[in-house]
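No lab work stands behind these numbers, since they all come straight from the coordinates. Since the model is a prediction, treat every value here as computed from it, not as a measurement. When we count neighbours, we look across all protein chains shown, and the Cβ atoms used for this are built from the backbone with ideal geometry, even at glycine.
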Amino acid sequence: MTEARLEAASPGHYRLAGELNFGSVPALAGRGGELFREPGEVRVSLADVTRADSAGLALLVDWLREARRRGRRIAFIHVPAQLLALARVSGVDELLPLEP
């Protein structure tokens, strides 16, 4: 099983690192609530994501859904080209707040 990490960088800013795949995403999926402890917009950097598959993309969609449920905004920044391409192919690039 591969490992991925979610780390707080500063209030409202988080860093996601490692491989986002079917092996690592289940451990992160339940941690979405942690992103919304502080008030304001949440920003998640994906600069340290080394690989991602559709499970990683599903994780981002799930966190977006959680943000909307809580009436909050979330942005995914420094999104790797591979993940941007996967979002385009999957048709969710217009739905997700992705910043290269």
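For the reader, a short list of remarks on this structure follows.
- Flag for VAL49 being of a type in the set (Val, Ile, Thr) and in contact (Cβ under 8 Å) with a residue 40 or more places away in the chain: yes
- Per the listing LEU95, LEU86, the residue uniquely out of contact with any strand residue (DSSP E or B) (no Cβ under 9 Å at 6 or more places or on another chain) and either in contact (Cβ under 8 Å) with a residue 12 or more places away in the chain or of a type outside the set (Ser, Thr, Tyr) (or both) is LEU95.
- The strands (runs of 3 or more DSSP E) falling completely within the chain that include 1 or more residues that are surrounded by fewer than 19 Cβ atoms within 10 Å (Cβ to Cβ) and out of contact with any Asp or Glu (no Cβ under 8 Å at 6 or more places or on another chain) map to 4-10, 13-20, 42-52.
- When residues of the range 82-96 are limited to those that are of a type in the set (D, E, K, R) and over 14 Å from the mean Cα position of the chain (by Cα), the one nearest to ASN21 (Cα to Cα): ARG88
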